[in-house]
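Would you mind keeping the following structure in view while I ask a few things?
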Amino acid sequence: MDLFCAFVRVNLFAEKIPRKMLLQVYNLLHSLSRNDRDCDFYHRLVQFIDSYDPPLKGLQEDLNFVSPRIGEVLEAVGPSIFLSADTRKLRNEGFLSPYHPRFPDILTNSAHPMRAQDLANVTSYREWVLLGYLVCPDELLRVTSIDIALVVLKENLVVTLFRDEYIMLHEDYQLYVLPRVLESKKMAKSGRTKQKEADLEYSVAKQVEKMISEVHDQALQLCDTIHRERRILLKQEIGRMVLFFTDQPSLLAPNIQMVFSALALAQSEVLWYFQHAGIASSRSKAARVIPVDIDPNDPTIGFLLDGMDRLCCLVRKYIAAARGYALSYLSSSAGRIRYLMGTPGIVALDLDPTLKGLFQRIVQHLETIPKTQGENVSAITCDLSEFRKDWLSILMIVTSSRSSINIRHLEKATVSTGKEGLLSEGNAAYNWSRCVDEIESQLSKHGSLKKLYFYHQHLTTVFRNTMFGPEGRPQHCCAWLSVASSFPECASLIIPEEVTKFGRDAVLYVESLIESIMGGLEGLINILDSEGGFGALESQLLPEQAAAYLNNASRISAPSMKSPRVVGGGGFTLPGHESYPENNKSIKMLEAAIQRLTNLCSILNDMEPICVINHVFVLREYMRECILANFKRRFITALQTDNDLQRPSVLESLIRRHMSIVHLAEQHVSMDLTQGIREILLTEAFSGPVSSLHTFEKPAEQQQNTGSAVEVVCNWYMDNIIKDVSGAGILFAPRHKYFKSARPVGGYFAESVTDLKELQAFVRIFGGYGVDRLDKMMKVHTAALVNCIETSLRSNRELIEAAAASMHSGDRGERDASIRQIVDLDTVIGFCIEAGEALAFDELLAEASGAVLEDNASLIHSMISGIVEHIPEEVPEKKEIRRIRGVANGNGVSVDHDSEWVRLILEEVGGANDNSWSLLPYFFASFMSSNAWNTTGFNIETGGFSNNIHCLARCISAVIAGSEYVRLQREYQQQHQSLSNGHQSSENLDSEFQPRVTAEASIKSSMLLFVKFAASIVLDSWNEANRSHLVAKLIFLDQLCESSPFLPRSSLESHVPYTILRSIYTQYYSNTPSTPLATASPHHSPSVSLIHASPSMKNATTPRGSGSGSSTAAGADSGYFKGSSSSVYSQEHYNEPETGTSRNNENKSKQRGSSRRSGPLDYSTSHKGGSGSNSTGPSPLPRFAVSRSGPISYKQHN
């Protein structure tokens, strides 16, 4: 019958080929095979084509002689077709169940074993029916044929001819079968036969006519429903079968025929689904074309593919057991067949010698099968093809009409024994013999889905629609992918280009599915990493929102038990509302997404590699790359919001949220995803070739610049905070340790992205490499500003020298005239302020970096702090010591951040290399005559000035100190080199530590020189008509003395009366009573820092800072400042703890060991009381006691 169907297909397919092409192909093949044209028989080919045009008419005429035989066969397979169409019977009677359908505890099902075996061939039976009745239409007039044809025609619209070529089934039936039926009806009506037979034939023909006319409409409406119900049945049965045989593998071998039947039915349903998808059929009575309604979102396809794949894996795993069971069955069947051959019924039949010889050979074949006791079954080789040939010969004889012995004779002769009949035993042996030497081919036949190649585009569409749908299962991915392994088998070997094309299409199919799978994986991660996902679990109320929430809840009476879901006004819901079913949809969504994600990760991790020709796809690696690439993409996207840069703290929380999802997935895979995340963060934080991080060298072409993320963040900080390109009015607030802005910079105010918490978040995200990158960018920027200062210093050298000479001589007119001629003085001040802002920002960054280091690596932080205290004060410093100082300075551990930072900049750019730098104090002092002071004002809330001019103090102190260090180091190196070349004795070189002290003394001298002349210019410049700038300049100089580690706080007193400064601060702070003076740190609050009397009153009997002293100080300049009494300050002074000395000594030990060489002065303990501030604050006790910041050391007074 398969040969018969193949013959019909060839002829039907020939209709799709142009006639001339068919002739040319024939000639070509004949010439290739015979080296000559077929001139003699060419006319026969033409005649054949003419008679078979259309092919169905020729087939119906030529196959008329075998038509009755075809009808008998189709009637014989009718019961199997009816069974396969009855899904209820299949389910209820357990034809596809390995255990008893009504008694699951019974692990055997012998109810219908032979019928279950027939189900494996039911797909072929259906094709026999469709093609058999199409070319033998007279057989439809049999009484039983109508029902058989109706069942099959109602389920199908097309018949596949070759690959994806098909014919429209019902159209051909109406064109070529219906006329023959009508002709038979007409003949029966004309009465060419007996009346009784004519009436029966007419009645049957009328029923067939009605069936063919109506079945097309039924098929259009019901075919998809019928097959969907069948797919659901197979989904359930195969699912149970997989679970059962996985748990009880020993029962797989006895039920292997049932497994093949399930595979064949599932294969048929999957192929039918894709063959009919997109088919459009026209009704017989209407011209319009109606598409078949095939659901592209049917999830059962994935279940069937997965079930088939898992069943095939089980069979391959236990194939040796199945072969061994089949051998055992065949060995036992030999005795049963021999016994049946000796029964009286068979003896009475008197079989002819040929048939008897065949039966004897059958028994011999079965008796010669090797035994399986104690042997490796996989090593047994047994060819049973001769046995099957002999058995088929017996079947051909007993089914022949010319044979005196037929099937019924044999069955009746042996069935009386109470056992299986002879033919049943032989058929069973035939089927089990195929499980010995043809089990792989059977598995390939029933389990292969290679024909899906011709529908692979629609296959991809269905996969995308169903995999991540409500009923999609991640574990189905393997089955969808493994289908592609068999695609190249569809290619014809005689066409090499086709093999290449099919292989390429299979690879593209796998890549497309992998892309969809990874897109779904990425989508699941992104669902969880969203504000509606894990973000909803992290949402916290602001304090104001929490207060409003509580106030609102307290105003609502307690809800009754009958109505617990009372919702308060103002949009607030009562606590606990999330627990009610109607409110937990989001939680259910999260749980479902988490379940999908973990299942998908587990499946992809355990999935075997997919092999397509010479391509191997390892899904674990794709999953790893997907997760890491998604993290990198989301990290880059999260860097910036719609408006501007994302706050580092928010970015850190987003990273932590995503990391929690990655850790969740990591628990279900055997890979270190965290290491990959670290590598991504490293590549985004390190600006430059990553190979630079390793000791080995790589080729230049492999080096790729990285650090795009840190570049974005650092450039934003440089442009918007340091340079203020947007003109947002960036100001540094020393008191709060952050930068603030008059208007938002992008989406935030500057203070929300520059405070220590945000910078610590930046450090935690980008680590030390990010800090180094931002520090380097600020160094480059500051170096350019310092270069501008040096350029101005050199270009105005003569004027500055003239101004310096007049300052020393006291010639005020000459001094002012020289200063007025200095070019671009205000511009240089702007450069210095910008450099001071960079210094301030870098110090904040260093402090944040140190805090993070102390939190996460406290031992390293402690080690750096201890090393800094004991670093030898060498000049020149060794490279290692210089690096240690740089590390300490970058982590906020060094004593003087600013001067060390400027010193490193000057050393890198080679600055401070001529004598013009000695004029720096005079150049900076000339800044006091700038017009910039006329537009500034001091703000006690921020501790700075309105135009950031307080940053000028940092720049002045740092540049003077850094230049002095560099200058003296260079001089010492030159001296050292000259002494070494002159072979001087080492006695002149034994003071290696002295240059550091000399540098500090030189710095202090320069700073004092600056303070002296700056104060002179300030006091000389004010007059009755213009006094506004005086206050700002005096506060500026006072802040400079306070912040500089090289100046004692008393430096300004010799030039500006201390009572004036105290009156200034009194006026500022007495007008702001809300300021918590008693608790403010003197380092941040000038009011507390400067409440003490002048150090010159150290011998007075009245404690400084008393009420009378304060009032006197306040009234000293009452004609100019309208300040109030400062009794509050005196009270605050009296309440200070007497721990000033201990704190100062503690700070000394932390910073410099036993003595302090820089920073504010320490004071003796000879007087009672002291400031509670840190070492940078003032003290009312006698100064100059232990300070070594100048060239003279003072003894401690007790």
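The values are calculated or read from the model by the stated rules, or taken from the named source; none is laboratory data. Owing to the predicted nature of the structure, the values given are computational and were not obtained by experimental measurement. Cβ: placed from backbone, ideal geometry, glycine included. Neighbour counts: every protein chain shown. Just the protein is used for accessible areas: all its heavy atoms, side chains included, with ligands, DNA and RNA removed. Shrake-Rupley method; radii C 1.70, N 1.55, O 1.52, S 1.80 Å.
Would you grab the residues whose amide H sits under 5 Å from the one on VAL159? Only those 5+ places off in sequence or on another chain, please, with H modelled 1.01 Å from N.
It is ILE167, LEU169, by chain and number.
Between VAL618 and ASP2, what's the calculated FRET efficiency when r is the beta-carbon distance and R0 is 45 Å? Round to 0.05. Display every interim value, and only then the final one.
Values: r = 40 Å, r/R0 = 0.89.
Once the sixth-power term is evaluated, E becomes 0.65.
Calculate the length of the line joining the C-alpha centroid of region 479-514 to that of region 779-821, in whole Å.
Using only Cα atoms, the two centres lie 81 Å from each other.
If the cut-off is a Cα-Cα distance under 13 Å, which aspartates and glutamates reach LYS210, setting aside same-chain residues fewer than 8 apart in sequence?
Partners within reach: ASP147.
By how many nm would the segment from ASP352 to GLU544 grow when fully extended, if each residue of separation counts as 0.36 nm and the alpha-carbon distance is taken off? Let's see the in-between values first.
Values: separation 192, 0.36 × 192 = 69.12 nm, distance 10.61 nm.
Gain in length upon complete extension: 58.5 nm.
Suppose the chain between ALA536 and SER332 were pulled fully straight at 0.36 nm per residue; how much longer would it get relative to their current alpha carbon spacing? Mind dumping the intermediate values first?
Working: separation 204, 0.36 × 204 = 73.44 nm, distance 6.88 nm.
So the extension gain works out to 66.6 nm.
How many nm is it between the label spots at LEU1019 and LEU859, if each spot is 7 Å from the Cα in line with the beta carbon?
Going by the 7 Å Cα→Cβ label model, 5.8 nm.
Obtain the nm distance between the two label points defined at THR144 and SER726 by a simple spin-label model: each point lies 7 Å from its Cα along the Cα-to-C-beta direction.
Going from the THR144 label point to the SER726 one covers 8.8 nm.
Which of ILE721, ALA817, ASN796 sits farthest toward the positive end of the charge dipole of region 720-846, with +1 on the Cβ of Lys and Arg and -1 on the Cβ of Asp and Glu?
Value: ILE721.
Can you give me the Rg/Rh ratio for region 805-878, using Cα atoms for both radii and the Kirkwood formula for Rh?
Values: Rg = 21.9 Å, Rh = 16.9 Å.
Over the Cα atoms of region 805-878, Rg/Rh equals 1.29.
Specify the inter-centroid distance of region 633-647 and region 938-973, based on alpha-carbon positions, in whole Å.
The two parts, judged by their Cα centres, are 35 Å apart.
Would you work out which of ALA264, LEU234, ALA205 lies farthest towards the positive end of the dipole of region 178-265? Charges go on Cβ: Lys and Arg +1, Asp and Glu -1.
Positive-most Cα among the choices belongs to ALA205.
Using modelled amide H (1.01 Å from N, peptide plane; none on Pro or chain starts), what sits under 5 Å from the amide H of TYR738, excluding residues fewer than 5 places away?
So TYR738 has HN proximity to ALA733.
Okay, moving on. According to a simple spin-label model (label point 7 Å from Cα along Cα-to-Cβ), what is the distance in nm between ASP824 and SER203?
Modelled inter-label distance: 11.8 nm.
Zone of SER586 (label point 7 Å along Cα→Cβ, backbone N under 20 Å): which residues in region 636-673?
What the label zone holds, given the 20 Å backbone N cut-off, is 650-651, 653-661.
How much length would be gained if the chain were fully extended between ILE867 and THR399, taking 0.36 nm per residue of separation minus their Cα-Cα distance, in nm to one decimal?
Difference between extended and current length: 158.1 nm.
If you take the beta carbon distance between ASN406 and LYS501 as r and set R0 to 56 Å, what does 1/(1 + (r/R0)^6) give as a FRET efficiency, to the nearest 0.05? Kindly include the intermediate steps, with their values, before the conclusion.
Values: r = 52 Å, r/R0 = 0.92.
Efficiency computed from Cβ-Cβ geometry: 0.60.
I would also like to ask the following. When you count, for each residue, the other Cβ atoms within 10 Å and take the mean per peptide, how do 339-350, 520-531 rank with the highest first? Before the final figure, lay out each step's value.
On the way: 339-350: 14.3, 520-531: 18.9.
Per-residue mean Cβ counts within 10 Å order the peptides as 520-531, 339-350.
Taking a cut-off of 13 Å between Cα atoms, list the aspartates and glutamates near LYS1033, but don't count ones fewer than 8 places away on the same chain.
In chain and number order, the partners are ASP1020.
Highest mean first, what order results for 806-816, 899-909, 856-866 on Cβ atoms within 10 Å?
Values: 806-816: 15.3, 899-909: 22.2, 856-866: 13.4.
Going by the mean number of other Cβ atoms within 10 Å, highest first, we get 899-909, 806-816, 856-866.
Quick one: accessible area per residue over region 748-857, 1.4 Å probe, rounded to a whole number of Å²?
Details: 4500 Å² over 110 residues.
Each residue of region 748-857 exposes 41 Å² on average to a 1.4 Å probe.
How high is the FRET efficiency between ASN92 and LYS317 when r is their beta carbon distance and R₀ equals 45 Å, given to the nearest 0.05? Display every interim value, and only then the final one.
On the way: r = 31 Å, r/R0 = 0.68.
For R0 = 45 Å, the calculated efficiency reads 0.90.
Now a separate question. Treating cross-link reach as a plain straight distance, find the aspartates and glutamates whose alpha-carbon is under 14 Å from the alpha-carbon of LYS740, omitting any fewer than eight places away in the same chain.
By straight Cα distance, LYS740 reaches ASP724, GLU751, ASP755, GLU758, GLU837, GLU941.
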